[in-house]
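Notes for the one structure printed next.
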Amino acid sequence: MHIVVIGSGFGGLNAAVELRKKFKHSQHEITVISDQEQFIFRPSLIWLPFHKHSIEKITFPLRPTFEKIGVRFIEKSVQSLMPKQNYVICHDDEMITYDYLIIASGASPDWARIKGLEGKSASIYDISSALKTRKRLEELEEGEPIVIGVAQENPNHGIAYEFLFELDAYLNEHLIKCPITFFTYEKELFDGTGKEPTEKLEELMAEKQIQYYCNVSIEQVDDGKIYLNNGERLPYSFLFVLPPYKGKKCILTSKDFEHKNGILPVHESLQSIQWENIYVVGDANNIKGIKSGRAAELQGVLAADNIVKQMHHEPLQSFQQDTIYFMELGKEGAMFIMNKPSKQGTIQCTMSGILPHIMKRAFENYYLLKFS
């Protein structure tokens, strides 16, 4: 059997490692295809614009990691997929056949879906954009209006809160006073994670005198002004908006997939609703809930487990959504949020201060050491 994994982020990396563990003494071949030569610990990108981290400390080369465990690594971008014929077409027209496929390609920011947004917002979606945002922050001057927000249909809204509080700390450190406005499509701050996180965020907004709007969407963006559907017109000099997501180009150019803007529908087992030998993990699927590195990691492992079960004609397992999230809060440290299902009910825990920040740093170090 040949199992192909597209993508090498949290979902793809963990899927490949888990598959190799399951097939340690078998002849099954495992191949990872990715256009990224390095793994990026994306939760730490939040620190790059504020000179709190270095690129070298949040990345490692992928090829040695995969070679060490006996996984073939192909550094190429995927052009399209042919699920009827069971092969992947790379950008150089190389065709790679598979028996099972795990799509862990992630998603892309869909700037163009909101009128006028493209090219106007800062970003930290990758190293390059994080460094550009750093340069822009270094140019901030007293009094410049700042707008930070979460656009409708963005599933990873925690990034905006982290950027907000890290920016607040940065401005205080550099003795720069700028008015900040925050908005989100969520009905309340960090909606869906429980009462305590929302109340903590409301408290911080009041303490820092940050005006905010919930349950709003963007109508359009002009140079210097953002228009919300509640009638507010927010002036900005610096803009940071999390846009809607869309699937990767290889999905959008593949004719034999049903999808919504490139995001693939799956069963609770993460198996494609169309193709029983294809599994989709992370941002590439339509599973509800917060999209995070942890969710992608858990889904990557589950997809690998379910492929083994499918080979053995065993019932597939369903993905159990939970929330274990570290949110940076600037000079207040961080907030740890846990909502984890158990046999006794949901285990809930919220903790804020310096300890969650230390925990996040420790987990980053552990994760990079574990895989590199």
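What the table below lists for this structure:
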{"quantity": "Of all residues in the range 271-291 being farther than 29 Å from ARG361 by Cβ and assigned to a loop (DSSP other than H, G, I, E, B), the one that is modelled with the lowest pLDDT", "calculated": "LYS288"}
{"quantity": "Top-ranked residue of the range 8-50 - restricted to ones that are assigned to a loop (DSSP other than H, G, I, E, B), open to solvent by 20 Å² or more (accessible area, probe 1.4 Å) and among the polar types (S, T, N, Q), ranked as farthest from GLN79 (Cα to Cα)", "calculated": "SER26"}
{"quantity": "Within the range 206-217, tally of residues that are surrounded by 18 or more Cβ atoms within 10 Å (Cβ to Cβ) and out of contact with any Asp or Glu (no Cβ under 8 Å at 6 or more places or on another chain)", "calculated": "1"}
{"quantity": "Strands (runs of 3 or more DSSP E) wholly inside the range 66-149 containing at least 2 residues that are open to solvent by less than 50 Å² (accessible area, probe 1.4 Å)", "calculated": "72-75, 78-82, 87-90, 100-103, 107-109"}
{"quantity": "Residue check, LYS309 part of a helix (DSSP H, G or I) and of a type in the set (Lys, Arg)", "calculated": "yes"}
{"quantity": "Residues located in the range 150-179, provided they are surrounded by fewer than 17 Cβ atoms within 10 Å (Cβ to Cβ) and aliphatic (A, V, I, L, M)", "calculated": "LEU175, ILE176"}
{"quantity": "Filter result (surrounded by 18 or more Cβ atoms within 10 Å (Cβ to Cβ), not in a loop (DSSP other than H, G, I, E, B) and not polar (S, T, N, Q)) within the range 180-204", "calculated": "ILE180, PHE182, PHE183, PRO197, LYS200, LEU201, LEU204"}
{"quantity": "Unique residue being in contact with a strand residue (DSSP E or B) (Cβ under 6 Å, 6 or more places away or on another chain) and within 24 Å of ASP110 (Cα to Cα) when the list is THR193, THR181", "calculated": "THR181"}
{"quantity": "Residue match in the range 292-302 (condition: part of a strand (DSSP E or B), open to solvent by 20 Å² or more (accessible area, probe 1.4 Å) and closer than 29 Å to GLU196 by Cα)", "calculated": "no"}
{"quantity": "Residue within the range 265-280 that is more than 30 Å from VAL4 (Cβ to Cβ), of a type in the set (Asp, Glu) and over 20 Å from the mean Cα position of the chain (by Cα) present", "calculated": "no"}
{"quantity": "Flag if LEU264 is in contact with a Phe, Trp or Tyr (Cβ under 9 Å, 6 or more places away or on another chain) and touching a residue at least 12 places away in the same chain (Cβ under 8 Å)", "calculated": "yes"}
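The values are calculated or read from the model by the stated rules, or taken from the named source; none is laboratory data. Note that this is a predicted model, so its numbers are computed, not measured. We place every Cβ from the backbone using ideal geometry, glycine too, and count neighbours over all the protein chains shown. Heavy atoms of the whole protein, side chains included, go into the accessibility calculation; ligands, DNA and RNA do not. Shrake-Rupley method; radii C 1.70, N 1.55, O 1.52, S 1.80 Å.
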